[in-house]
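Note sheet for the following structure.
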């Protein structure tokens, strides 16, 4: 069992445990996580950092966090740095989380889908898609209105920094308990039961493109989106980083697009002046910003 040491000063253990973990080790790990992923960690998270990364030290045969910090600080060790980020990021999600967002999306989709039938396109971005429940929920909402949507120019882009959860999302296989939030008619039509697990059908998976993307890095997208979901992602960023991300979303929004945030998130920074509320944690561009 690990516990925070009473003294967190340099040279003393920050957490009592199998490996030496000092305040300087925590600061180096927190700095790398912030630089790479924009995530801010306070020293109150020391025990969490220790418990999640101790497994990596054992796997690598290291004896201290000082060795581990030197390893991930080396620019050549990209894979291990990615494993560190994956270990320290939280992936809590479920199908149709915050259902009012999907009810709202449904009302917005009908004219877009009708335009797609006439040769138009629909693009929706799930930024920070985790293990896939959010983009699959978006795709299910589309299919509930237009069962042949994959045959048209309609796609959901799903991105995340964590390659492990992306692999899970691409596979589209979920346990029975995860499926309880999906309405029965959608579950039976667009998933295939395999023992105690359910697999997304080919039609459902065709609607979604999964890609690795770090929101702190360059964004390769050039075309605009009709909706952007970035929910329960920026809560891990400090205020200045949140403001930068929000400002980067705006040029990627079509004039009638909507931006969906998590229940505890609000637009901040310069972007706040360019948007207005269209529901609970739903935003649209003001007329002068379109």
Subject >> Residue check for residue 227: touching a strand residue (DSSP E or B) at 6+ places or on another chain (Cβ under 9 Å) and either loosely packed, with under 14 Cβ neighbours inside 10 Å or assigned to a strand (DSSP E or B) (or both) >> reply: yes
Subject >> Extreme residue, nearest to the chain's Cα centre (by Cα), among residues of the range 150-199 that are part of a strand (DSSP E or B) and over 15 Å from residue 136 (Cα atoms) >> reply: 197
Original post:
Just a yes or no: is a residue in the range 247-257 modelled with pLDDT under 95 and more than 12 Å from residue 127 (Cα to Cα)?
Top reply: no
Original post:
Of all residues in the range 71-102, how many are in contact with a helix residue (DSSP H, G or I) (Cβ under 9 Å, 6 or more places away or on another chain) and without any contact (Cβ under 8 Å) to a residue 12 or more places away in the chain?
Top reply: 5
Subject >> Residues within the range 245-269 that are within 26 Å of residue 31 (Cβ to Cβ) and surrounded by fewer than 17 Cβ atoms within 10 Å (Cβ to Cβ), tallied >> reply: 5
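The values are calculated or read from the model by the stated rules, or taken from the named source; none is laboratory data. It should be emphasised that the depicted structure is a prediction, and the values quoted were computed from it without experimental measurement. A quick note on method: Cβ atoms are made from the backbone with ideal geometry, for glycine too, and the neighbour counts reach across all protein chains shown.
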